[in-house]
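> This is the structure, below, for whatever I ask next.
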Amino acid sequence: MSTSSSIGRVLPVGSSPPKAVSGSGIVLRPRLGLRASELTKLWRYRELLFFLALRDVKVRYKQTALGALWAVLQPFVMMIVLSTFFGRVIDINMEDKTSGIPYPIFLYAGLLPWMFFSATVTASTNSLVANANMLRKVYFPRLVVPVASAGAPLMDYAVSFAVMLGLMGWYHVVPTVQLLWLPLFVFVTIVAAMGVGIGLSGLTVSFRDFRYVVPFTLQVWFFVTPVIWPVTIVAEKYHWLLRLNPMGGTIEAIRACVLGTPIDWGAMGLSTGIAVLTLVMGLAYFNYAERRFADVV
Amino acid sequence: MSDVVIQVRDLGKKYRLGGQKRLDQTLPEAISEKFKGMLNWSGRSGWRIEKDQGNEFWALRHVNFDVRHGEAVGIIGRNGAGKSTLLKILSQITDPTEGHAVVDGRVASLLEVGTGFHPELTGRENVYLNGSILGMTRREIKTKFDEIVDFSGVERFLDTPIKRYSSGMIMRLAFSVAAHLEPEILVIDEVLAVGDAAFQKKCLGKMDEVAKQGRTVLFVSHNMSAVNRLCQRGILLVDGQVAAAGEIEEVTSRYYHDVNQGAQTPQIDLRECRSRHGDGELEVLSVELLNPYANNFAVSWDQPIRLKARIRVNKPVRDVTFAVGCRTLDYVTVFNVYSNNIHHTNRVDLSEPGERDVVVSIDHNLNAGFYNVVLGISSGQRVCYHNEMAAQLEVLDIGEQEYHDKRRGLIHCASQWSI
């Protein structure tokens, strides 16, 4: 009996797998250490990933009068409130510091990716606990769950980006070819969000504390990331510090590519490196913790 | 190629007792406890690592067996014997603590009917979602979609969110998705056997069909007649270990005669029973089956059910009626019997506080299976005592007369024919 086409098959695990019955079976034994096979399994279960993300997207604004308009409304109102306060009260002179970009559009361009990041981190942190029922009853690579939770925030981002284009028209900011970099930068945002979210989702299974830690941390994080303020207000010699934040260089780069200002590739590179590092660590913890999810959740 | 498709060797699964408490603790507590546990200062040998012992529990230990291709194997044992843990390990939901199992082929387990169903999504969307959770590809679901919908009989409501479905419709839809999986190895938990009688019949029918198609089936159940009918081989688990394995009849009879003896008594203490309620004037202390089979709360199908209830009268109560009810495990009432008739001519007053026994003998015609015994005491319109699940009674297909095991339905009836 061949199992080569079956998607439920798992490669032998551990250093010396016991002799499989016919050389192609699933070997179930205590798991130790790291395995690279997790990512392969994720790929094999990409359809489940898709359906879970689709479920979140479909369910998100069910039975709301405004529907997907909420995706637009939230960042838009936030932009108005923040630009009223920071644009006027604190009076950051945007005209000088960001090459003539009006503050509302500067803010909105950074707010959207930040909200995408923060929603993804929150959703993936809670994802395993929210889907506990599935974890206890069916086998599938557990990694699918936190990863799929990026779907709905991504959809929100796409919808509210339409408003971004409208704002650009309003302020006569013409998109440039640089906009083509956007998918790449959004991907880096996903990597950063997953790096944080995957590890935290595993921790939340054992310690529900993180459900409360995360929203608070994200609020602080929001203010230390150049979302509402331009990096130019910080002294040049501390810039490297800002970029150790995986979202620091990324938000700047996304804003630059949308508004057509020069992209700081050094900053972007550093932030990307940190994001990838976080992801590797998150995956490592997830791998380690995964074997007891079904027993603990 | 060997035809052994499941090979289990020295499999063990350890759980920590008191796990609940540990999970609720906060991070700092967990960290400090971990350090405290790991490093204990002992004067002579210095820091040493202390192992957390004593509060461990082996749900499975040293389990060995093989299953060949096309076999239907029944896994039986009392509650807590490790059956579900074994199925969870074999379907990869949880990892074993020691030993290993080799499973050759795609495993689908029907312990998860309807897992991942989302109330806001439509029937159609849920079929796709649930199918992909169970490991079907999108193309597979697409080709079988009409079949699945036909089988479930909910085609008219396919584009309605399932939160508007009746629970029966959700069950049917969920089962039809699961039934259209085509795994090489099918794992079925008895959890499946809930729902109405028609649904149970459908499940068992599906089991028959699968077994006949030559697929490998693992079947966990308490329903011995179903296990006997569907399986060729059996594995008996007792306290996480294989106590017997072999021909199904041998294993099931061993289950009756040997393992259960003394484990479940025919007398049940109800003083702490959770399912009781009432005004406290009367209390049922215990219930006993006077004619048990193999010293269990089980009775042969051709014997009357003879129950003795020990009751305590706290306050005098007038005009008392005692009632015994019989329900299926899915709460269908099979019968109720009362100590008084409808005109209350058989009046009983309990004027003396104290303890006394109430004995009832019930001639029944129940078929083999499990039933919940309901106890009730009332006075006029007032409920003095009610216990929806005082005991679980098994009616056995073993008796002085031969049991007709092809018989379906809850009860059997005497019949005269002229042909």
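The values are calculated or read from the model by the stated rules, or taken from the named source; none is laboratory data. The structure presented is a predicted model; accordingly, all values stated were derived computationally and were not measured. Note that we place each Cβ from the backbone using ideal geometry, even for glycine, and neighbour counts take in every protein chain shown.
> Kindly check whether there is at least one residue in segment B:114-125 that is more than 9 Å from chain A (Cβ to nearest Cβ), over 23 Å from the mean Cα position of the chain (by Cα) and surrounded by 23 or more Cβ atoms within 10 Å (Cβ to Cβ).
yes
> I've got another one for you. Could you tell me which of the residues B:Ile89, B:Ile133 is in contact (Cβ under 8 Å) with a residue 40 or more places away in the chain and under 28 Å from the mean Cα position of the chain (by Cα)?
One residue alone meets the criteria, B:Ile89.
> How many of the residues in segment A:226-244 are in a helix (DSSP H, G or I) and within 24 Å of A:Ala192 (Cα to Cα)?
Final tally of qualifying residues: 8.
Residues checked against (1) acidic (Asp, Glu); (2) crowded, with 19+ Cβ neighbours inside 10 Å:
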site: B:Val317; (1), (2): no, yes
site: B:Ile342; (1), (2): no, no
site: B:Asp349; (1), (2): yes, no
site: B:Glu355; (1), (2): yes, no
site: B:Gly369; (1), (2): no, yes
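> Tell me which residues, restricted to segment A:224-273, are in contact with a Leu (Cβ under 6 Å, 6 or more places away or on another chain) and more than 30 Å from A:His172 (Cβ to Cβ).
Once the filter is applied, which keeps residues that are in contact with a Leu (Cβ under 6 Å, 6 or more places away or on another chain) and more than 30 Å from A:His172 (Cβ to Cβ), segment A:224-273 yields only A:Arg243.
> From the residues in segment B:12-27 that are modelled with pLDDT of 55 or more and facing chain A (nearest Cβ under 8 Å), which one is farthest from A:Asp209 (Cα to Cα)?
B:Tyr15
> State which residue is nearest to A:Met79 (Cα to Cα) when the search covers only segment A:200-229 and only residues that are away from chain B (no Cβ under 14 Å) and buried (at least 21 other Cβ atoms within 10 Å of the Cβ).
A:Ile228
> Return yes or no: is A:Leu184 within 20 Å of A:Gly151 (Cβ to Cβ), assigned by TED's automatic domain parsing to the domain that holds A:Phe106 and in contact with a Phe, Trp or Tyr (Cβ under 7 Å, 6 or more places away or on another chain)?
The answer is no for A:Leu184.
> Quick one: is B:Phe65 aromatic (Phe, Trp, Tyr), part of a loop (DSSP other than H, G, I, E, B) and either away from chain A (no Cβ under 12 Å) or in contact with a helix residue (DSSP H, G or I) (Cβ under 9 Å, 6 or more places away or on another chain) (or both)?
Taking the combined requirement at face value, the residue does not satisfy it.
> crowded, with 22+ Cβ neighbours inside 10 Å, part of a helix (DSSP H, G or I) and either within 12 Å of chain B (Cβ to nearest Cβ) or among the aromatic types (Phe, Trp, Tyr) (or both): does that describe A:Leu135?
yes
> Kindly provide the set of residues from segment B:390-419 that are among the aliphatic types (A, V, I, L, M) and under 19 Å from B:Asp363 (Cβ atoms), ordered by number.
Correct list: B:Ala391, B:Leu393, B:Val395, B:Leu396, B:Ile398, B:Leu410, B:Ile411, B:Ala414.
> Additional query: For the subset of segment B:126-142 comprising residues that are at the interface with chain A (Cβ under 7 Å from one of its Cβ atoms) and not aliphatic (A, V, I, L, M), which member is surrounded by the most Cβ atoms within 10 Å (Cβ to Cβ)?
B:Ser132
> To continue, here is another question. Tell me, which residue of segment A:265-295 that is among the aliphatic types (A, V, I, L, M) and surrounded by 19 or more Cβ atoms within 10 Å (Cβ to Cβ) is nearest to A:Asn133 (Cα to Cα)?
Result: A:Ala294.
> Related question: Filter segment B:285-305 down to residues that are over 14 Å from B:Cys326 (Cβ atoms), more than 21 Å from the chain's Cα centre (by Cα) and in a strand (DSSP E or B), then give me how many there are.
3
> Of all residues in segment B:318-348 being among the aromatic types (Phe, Trp, Tyr) and not in a loop (DSSP other than H, G, I, E, B), which is farthest from B:Pro304 (Cα to Cα)?
By that ranking, first place goes to B:Phe322.
The rows are residues; the columns are (1) in a helix (DSSP H, G or I); (2) farther than 22 Å from A:Met134 by Cα; (3) of a type outside the set (Lys, Arg).
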position: B:Asn126; (1), (2), (3): yes, no, yes
position: B:Gly135; (1), (2), (3): no, no, yes
position: B:Thr143; (1), (2), (3): yes, yes, yes
position: B:Ala174; (1), (2), (3): yes, no, yes
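> In addition: Do you know which of the residues in segment B:207-224 that are crowded, with 20+ Cβ neighbours inside 10 Å and part of a helix (DSSP H, G or I) is modelled with the highest pLDDT?
Restricting to residues being crowded, with 20+ Cβ neighbours inside 10 Å and part of a helix (DSSP H, G or I), the top hit is B:Val210.
> Among the residues of segment B:145-172, how many are assigned to a loop (DSSP other than H, G, I, E, B) and of a type outside the set (Phe, Trp, Tyr)?
Summing the residues that are assigned to a loop (DSSP other than H, G, I, E, B) and of a type outside the set (Phe, Trp, Tyr) in segment B:145-172 gives 6.
> Additional query: Is one or more of the residues making up segment A:253-264 exposed (fewer than 15 other Cβ atoms within 10 Å of the Cβ) and over 16 Å from A:Pro146 (Cα atoms)?
So far as segment A:253-264 goes, yes, one or more of its residues are exposed (fewer than 15 other Cβ atoms within 10 Å of the Cβ) and over 16 Å from A:Pro146 (Cα atoms).
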